[in-house]
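The values are calculated or read from the model by the stated rules, or taken from the named source; none is laboratory data. Small disclaimer: the values here were computed from a predicted structure and weren't measured. Every residue, glycine among them, receives a Cβ derived from its backbone with ideal geometry; neighbour counts consider all protein chains shown.
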């Protein structure tokens, strides 16, 4: 009896570059190969075939015609090769590396009955979001240290996408200011966010010890006027090193807006080891573990109470800051890439099982339910189940 065919991951690559397309191609291929996932690579430029053969792990197939072509014939050849690969057997996911590959992959899959999710390996969050808009399947953005879901409606996913947090935030030593310093990072012209922060500062006027409030980064004249009226300091934030140095002096970081627009600033604050406070919204729930690395609050009164608690209790503040930095490194550190890549495919990040011959076996152990993972839902019909482990 012929065993069921295992689902494969397909890669469509615009051009190979030193280290791989955006430095994500080879880490992705190796992470999936180590988990025992079958893969095929389709090149849009056959001049890269020799390098691909040299770099690909054993068992990863190189598809397409070996005859070198350029321009429109090369694009047609790659489209034909991708359609053929999709028709060859069950597909777990399609990875598109580079802008040209992303556009071609989207075009091919729109005319295909295969419902495999797409993974966009692009440096630009904005481009990935635009290409993913209107897709009838799950979509993910792959960048150097992370894999994040994209919302096909064109909105940014609550937990991303975002650039990895710069290492300078993790490496800058904490040195709290002598007096309580409460900070935030807002967009330069965001009057609504500034008003929310100002309101919080005004409500805490008169608290002892006296609090200093700081706005990290630029501000338009209108925002500056609003902040200065509430005696909120404008603090340096020209680059990552400036922001990291300022954050490492802060006692507490607050994102007071109910819109959840400060996920990036909060992630940087956590990486700097600052306990963080935010509203109960998806963007902040994806970052803060309530009562461990910070507090999630429903109202301004809850934010005020949390600030007072952290200002008065240095041990609690320091423990939460350490927990925030640890969580940020777990979410944004380099080791996260492999685990997040496997989880995005519905696979367990535990080490792959080995047979008694020492050869990797594909476990395809899914995590959670199909409602928890959109990739599993779209690929489950084609995915075999191994219950031997």
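Out of 228, 195, which single residue is assigned to a helix (DSSP H, G or I), without any contact (Cβ under 8 Å) to a residue 40 or more places away in the chain and in contact with a strand residue (DSSP E or B) (Cβ under 9 Å, 6 or more places away or on another chain)?
Values: 195 fails: in contact with a strand residue (DSSP E or B) (Cβ under 9 Å, 6 or more places away or on another chain).
The match here is 228.
Taking the condition of being without any contact (Cβ under 8 Å) to a residue 40 or more places away in the chain and within 30 Å of the chain's Cα centre (by Cα), how many residues in region 231-257 meet it? It would help to see each step written out before you state the result.
Quick first cut of region 231-257, residues without any contact (Cβ under 8 Å) to a residue 40 or more places away in the chain only: 231-234, 236, 238-239, 242.
Of the ones still in play, those that are also within 30 Å of the chain's Cα centre (by Cα) are 234, 236, 238-239, 242.
Looking only at that region, the number is 5.
Select from region 244-260 the residues that are outside any strand (DSSP E or B) and touching a helix residue (DSSP H, G or I) at 6+ places or on another chain (Cβ under 6 Å) and write down the one among them that is modelled with the lowest pLDDT. It would help to see each step written out before you state the result.
Restricting attention to region 244-260, the residues satisfying the condition of being outside any strand (DSSP E or B) are 244-251, 256-260.
If we keep only those that are touching a helix residue (DSSP H, G or I) at 6+ places or on another chain (Cβ under 6 Å) as well, we get 244, 247, 256-257, 260.
Values: 244: 96, 247: 98, 256: 96, 257: 92, 260: 89.
Looking at the filtered set, the residue picked out is 260.
What number goes with the only condition from (1) within 17 Å of residue 16 (Cα to Cα); (2) out of contact with any strand residue (DSSP E or B) (no Cβ under 6 Å at 6 or more places or on another chain) that residue 109 does not pass?
Every condition holds for residue 109 apart from (1).
Give the residue, chosen from 240, 250, that is under 18 Å from residue 169 (Cβ atoms) and touching a strand residue (DSSP E or B) at 6+ places or on another chain (Cβ under 7 Å). Write out each step before concluding.
On the way: 240 fails: touching a strand residue (DSSP E or B) at 6+ places or on another chain (Cβ under 7 Å).
One residue alone meets the criteria, 250.
Among the residues of region 202-221, write down those that are exposed (fewer than 13 other Cβ atoms within 10 Å of the Cβ) and assigned to a loop (DSSP other than H, G, I, E, B).
Going through region 202-221, the residues exposed (fewer than 13 other Cβ atoms within 10 Å of the Cβ) turn out to be 205-206, 208-210, 221.
205, 206, 208, 209, 210, listed by residue number.
Could you look through region 317-335, keep only residues that are farther than 11 Å from residue 271 by Cα, in contact (Cβ under 8 Å) with a residue 40 or more places away in the chain and surrounded by 14 or more Cβ atoms within 10 Å (Cβ to Cβ), and pick out the one that is nearest to the chain's Cα centre (by Cα)? Spell out how you get there, then give the answer.
As a first pass, look at region 317-335 and keep what is farther than 11 Å from residue 271 by Cα: 317-320, 334-335.
So of that shortlist, the ones also in contact (Cβ under 8 Å) with a residue 40 or more places away in the chain come out as 317, 320, 334.
If we keep only those that are surrounded by 14 or more Cβ atoms within 10 Å (Cβ to Cβ) as well, we get 317, 320.
Values: 317: 27, 320: 23 Å.
It comes out as 320.
Quick check on region 113-124. Is at least one of its residues free of Cβ contacts under 8 Å to residues at least 12 places away in the same chain and part of a helix (DSSP H, G or I)? Let's see the steps before the verdict.
Residues of region 113-124 that are free of Cβ contacts under 8 Å to residues at least 12 places away in the same chain, as a first pass: 113, 124.
Next cut, part of a helix (DSSP H, G or I) only: none.
Within region 113-124, none of the residues are free of Cβ contacts under 8 Å to residues at least 12 places away in the same chain and part of a helix (DSSP H, G or I).
Can residue 268 be described as under 12 Å from residue 255 (Cβ atoms) and out of contact with any strand residue (DSSP E or B) (no Cβ under 8 Å at 6 or more places or on another chain)? Walk me through it before giving the result.
Details: under 12 Å from residue 255 (Cβ atoms): yes; out of contact with any strand residue (DSSP E or B) (no Cβ under 8 Å at 6 or more places or on another chain): yes.
Taking the combined requirement at face value, the residue satisfies it.
When you look at residue 82, is it assigned by TED's automatic domain parsing to the domain that holds residue 104, modelled with pLDDT of 90 or more, assigned to a helix (DSSP H, G or I) and closer than 27 Å to residue 337 by Cβ, yes or no?
Numbers: assigned by TED's automatic domain parsing to the domain that holds residue 104: yes; modelled with pLDDT of 90 or more: yes; assigned to a helix (DSSP H, G or I): yes; closer than 27 Å to residue 337 by Cβ: yes.
Here the answer is yes, as residue 82 does meet what is asked.
Being in the same structural domain as residue 148 (by TED's automatic domain parsing), under 16 Å from residue 9 (Cα atoms) and assigned to a helix (DSSP H, G or I): is that true of residue 109 here? Lay out the reasoning, then the answer.
On the way: in the same structural domain as residue 148 (by TED's automatic domain parsing): yes; under 16 Å from residue 9 (Cα atoms): yes; assigned to a helix (DSSP H, G or I): yes.
Yes.
If I ask for residues that are crowded, with 23+ Cβ neighbours inside 10 Å and at pLDDT below 90, which ones from region 85-116 would you list?
Correct list: 116 only.
For region 1-23, enumerate the residues that are in contact with a strand residue (DSSP E or B) (Cβ under 9 Å, 6 or more places away or on another chain) and either exposed (fewer than 14 other Cβ atoms within 10 Å of the Cβ) or at pLDDT 90 or above (or both).
8, 9, 10, 11, 12, 13, 14
Test residue 189 against the stated conditions and say whether it is modelled with pLDDT under 95, surrounded by fewer than 19 Cβ atoms within 10 Å (Cβ to Cβ), over 23 Å from the mean Cα position of the chain (by Cα) and assigned to a loop (DSSP other than H, G, I, E, B). Give the steps one after another, and end with the answer.
On the way: modelled with pLDDT under 95: yes; surrounded by fewer than 19 Cβ atoms within 10 Å (Cβ to Cβ): yes; over 23 Å from the mean Cα position of the chain (by Cα): yes; assigned to a loop (DSSP other than H, G, I, E, B): yes.
Yes, satisfied.
Out of region 271-308, which residues are closer than 17 Å to residue 183 by Cα and under 20 Å from the mean Cα position of the chain (by Cα)?
271, 272, 273, 276, 278, 284, 288, 293
Residue-by-condition table, conditions (1) assigned to a helix (DSSP H, G or I); (2) at pLDDT 95 or above:
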| residue | (1), (2) |
| --- | --- |
| 270 | yes, yes |
| 273 | no, yes |
| 277 | no, yes |
| 288 | no, no |
| 303 | yes, yes |
| 309 | yes, yes |
| 318 | yes, yes |
| 328 | yes, no |
| 331 | yes, no |
